[in-house]
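J.: Let me give you the structure first, and then I'll get to my questions.
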Amino acid sequence: MISVILCAAGSGSRAKQPVNKVLRELHGMPVLCHSLSAFSFCDEILVACREEDEARILPLLPPNARTVRGGGTRFESVYSALREAKGEIVLVHDAARPFVSRACIDACIQSVKTYGSGIAAVPVSDTVARAEDGLATEIPPRESLYALQTPQGFRTDDLRFAYERAAADGRRGFTDDSGVYAAYVAQPRLCAGDVQNRKLTYPSDFGASRVGFGVDTHAFDIPPEYSRGIARLNLNYIVLGGIAIPSNHAIKAHSDGDVAVHALMDALLSAAGKRDIGWYFPDSDPAYLGADSMKLLGRVMEIVREEGFTVRNASISILAEQPRLSPYIGQITDSLKHALGCEAVAVAAGTNEKLGYIGEGKGITAYAFVLLD
C-alpha cells in the first residue's frame with residue numbers, strides 16, 4: 001500500500017497570490033488538482049493544509065484523499081500527516097509541483113522498494129558556490145551536485161521513526177524529508193527527477209505572461225489659449241524615447257510630451273494590471289509640469305517589478321508627418337532598452353500618408369505593445 005502526503009499548508013507569499021498558491025488556477029483548474037491527479041493511482045492521499053483553506057480544498061478531493069491539519073512549518077505538516085499514513089511506502093510531494101510525471105513517481109516507488117528510499121533529483125547545470133560573508137569559500141565540482149525535488153519516497157516506518165527522533169531532539173528546522181531521513185536512518189538514495197518538475201514559487205512560475213497596449217497622442221504647437229497648465233517647450237526640438245529631436249514645432253503637453261514613452265508606460269501598467277499614467281502622474285498636479293518622462297518611466301518600471309514582472313519585449317510605433325524620425329530610431333531604441341532592462345525592444349516610425357490630424361501635421365501619435373513575464 002502506498003500513501004502520499006501532499007504538502008499544501010504554505011501561504012505562498014513569494015508567489016504574491018491573493019489565495020494559497022495551490023488554489024490558484026493553472027490551465028483551467030487549481031494547482032492542487034494537477035498534483036492530486038498525478039497521484040490518483042496511489043492507495044491514499046493525505047493533503048496537509050491550513051484550517052482556513054480546508055473548506056476550499058475538500059470539494060476538490062477524490063475518494064482516496066482526505067485532509068490533515070498542517071503546521072506552521074513543512075516539518076510539522078509532514079509529521080502530522082505521517083501519524084495518519086497507513087501505507088508501507090510513503091511519498092512526500094510538494095502540492096506546488098503540479099508537473100510531476102508518472103515516470104518520476106514510478107522511479108521513486110521502485111527506488112524505495114529496492115533501496116529503502118528514493119529522492120527525485122536532477123544534476124545541476126550551473127556551477128554552485130558555498131559562500132560566507134559574500135565570499136565564495138568553496139566551489140565544488142558540479143558533476144557531483146544534484147538539485148533535490150519531490151516526490152521523496154521512504155518506507156513509512158523509517159520516515160516516521162526519523163521524524164519522531166528529530167521532534168524529540170528538538171530538531172524541527174528541517175525543510176526537506178531527505179534531510180530528516182539522513183540524520184536518523186541512512187543516506188537517502190537518489191532517483192531520476194525531471195527538469196519539468198518545477199515548483200511554483202514566483203508569479204512568473206504560473207506562466208503569468210501579460211500583454212499590454214498603450215497609445216498616446218499630442219498636438220503640435222501651443223496656442224496662447226491653451227498655455228495655462230501646459231509646459232512651454234523649446235520650439236527647436238521634441239522628445240521621443242528620451243532623445244531630443246530637432247523640430248520646427250513644439251508639442252503641447254503638461255510634461256515633456258514624449259508620446260513614445262507615454263504609450264510605453266500605459267502598456268506596461270496595463271499589462272501589470274495597474275491604473276493608467278494619468279492616475280499615477282495627473283496633469284492637474286503642478287509637480288509634473290514639464291516633467292522628464294524617462295524619470296516617470298523609471299517609476300513605472302519600479303511598479304512593474306514590485307508586481308513580480310520583468311519586460312520580455314516591447315514594440316513601439318510612432319506616427320508623424322514631421323519631423324523625419326528615421327535617423328534617430330537607433331538612439332531611441334537604445335534609450336528604451338536601457339530604461340526597460342530589456343534587449344528585445346523595437347521602434348518603428350511612419351507617416352499617415354497625409355490623412356487625418358497626423359497627415360495634416362497637427363499632431364503625433366505613438367502605439368506600444370509589451371509582453372511581461
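Every number here is computed from the coordinates shown, using simple stated rules; none is lab data. On a predicted model such as this, the values are computed, not experimentally measured, just so you know. All Cβ positions, glycine included, derive from the backbone under ideal geometry; neighbour counts span all protein chains shown.
J.: If contacts are Cα pairs under 8 angstrom and at least 6 residues apart, what is the relative contact order of the range 25-91 in percent? Before the final figure, lay out each step's value.
T.: Details: 62 pairs, mean separation 19.7, N = 67.
Contact order relative to length: 29 percent.
J.: Can you give me the Cα centroid spacing of the range 51-101 and the range 235-262 in angstrom?
T.: First find each Cα centre; the distance between them is then 59 Å.
J.: How big is the chain by Rg and Dmax over its Cα atoms, in Å?
T.: 28.6, 87
J.: Now, a different point. Under unit Cβ charges (Lys, Arg +1; Asp, Glu -1), what dipole magnitude, rounded to 20 debye, does the range 22-128 have relative to its Cα centre?
T.: 80 debye
J.: While we're looking at this one, here's another question. Find the relative contact order for the range 209-372 and round it to a whole percent, using C-alpha pairs within less than 8 Å whose residues are 6+ positions apart.
T.: Here the relative contact order equals 33 percent.
J.: For the range 2-202, rounded, prolate or oblate, judged on the Cα gyration tensor with a ≥ b ≥ c (square roots of eigenvalues), a/c < 1.5 rounded, else prolate if a/b > b/c?
T.: Taking the square roots of the gyration eigenvalues as a ≥ b ≥ c, the range 2-202 is rounded.
J.: Given 0.36 nm per residue, what is the gain on full extension from R69 to M1 after removing their alpha carbon distance, in nm?
T.: 22.2 nm
J.: A further question on this structure: When a/c reaches 1.5 or more, the comparison of a/b and b/c decides; with that in mind, is the range 209-372 rounded, prolate or oblate per its Cα gyration tensor? Don't jump to the answer; show the numbers that get you there.
T.: Details: a/c = 1.86, a/b = 1.32, b/c = 1.41.
Oblate shape, in that a/c is at least 1.5 and b/c is the bigger or equal ratio.
J.: Another question, then. Top mean-square fluctuation among S144, S315, S255, Gaussian network model of the chain, C-alpha springs under 10 Å?
T.: Highest fluctuation of the listed residues: S144.
J.: Further question on the same structure: Quick one: putting +1 on the C-beta of Lys and Arg, -1 on the C-beta of Asp and Glu, what dipole do you get for the chain around its Cα centre, in Debye to the nearest 20?
T.: It works out to roughly 500 debye.
J.: How large is the dipole of the range 2-202 about the Cα centre if only Lys and Arg carry +1 and Asp and Glu carry -1, each at its Cβ, rounded to the nearest 20 debye?
T.: 280 debye
J.: Set Lys and Arg Cβ to +1 and Asp and Glu Cβ to -1, take the dipole of the chain about its Cα centre, and tell me which of N313, L297, A103 lies farthest positive.
T.: In the chain, that residue is A103.
J.: Counting other C-beta atoms within 10 Å, which of V347, V90 has the fewest, and how do the rest follow?
T.: The fewest-first ordering by Cβ neighbours comes to V347, V90.
J.: Something else about it: Can you give the net charge of the other residues whose Cβ lies under 12 Å from the Cβ of V185, counting K and R as +1 and D and E as -1?
T.: Taking every other residue near V185 into account, the sum is 0.
J.: Follow-up. Where does the chain land at 222 nm, in deg cm²/dmol rounded to the nearest 500, when only DSSP H runs of n ≥ 4 count, each adding -39500 (n - 2.57), divided by all residues?
T.: The helix contribution divided over the chain gives -8000 deg cm²/dmol.
J.: Compute the length gained on full extension between E88 and Y357: take 0.36 nm times their separation in residues and subtract their Cα-Cα distance, giving the result in nm to one decimal.
T.: Here the segment from E88 to Y357 would lengthen by 89.1 nm.
J.: Taking only C-alpha pairs under 8 Å that are 6+ residues apart, what is the relative contact order of the chain in percent?
T.: Averaging sequence separation for qualifying contacts and normalising by length gives 14 percent for the chain.
J.: Once you have the Cα-Cα distance between D283 and A136, take 0.36 nm times their residue separation minus that, and quote the gain in nm to one decimal. Before the final figure, lay out each step's value.
T.: Numbers: separation 147, 0.36 × 147 = 52.92 nm, distance 5.07 nm.
Full-extension gain reported as 47.8 nm.
J.: On to the next question. Would you pull out the residues with amide H under 5 Å of V345's amide H, same chain only if 5 or more places away, H placed 1.01 Å from N?
T.: Placed amide hydrogens put A314 under 5 Å from V345.
J.: Here's something else I'd like to know. For H27 paired with L148, estimate the spin-label separation in nm (one decimal), with each label point 7 Å from Cα along the Cα-to-Cβ line.
T.: In this crude label model, H27 to L148 measures out at 2.7 nm.
J.: Hey, another quick one. Under a crude label model (7 Å from the Cα following the beta-carbon direction), how far is D157 from E54 in nanometres?
T.: Placing both labels 7 Å beyond Cα along the Cβ direction yields 3.1 nm.
J.: Of the DSSP beta bridges with both residues in the chain, give the percent that are antiparallel, rounding to the nearest 5.
T.: Rounded to the nearest five, the antiparallel share is 60 percent.
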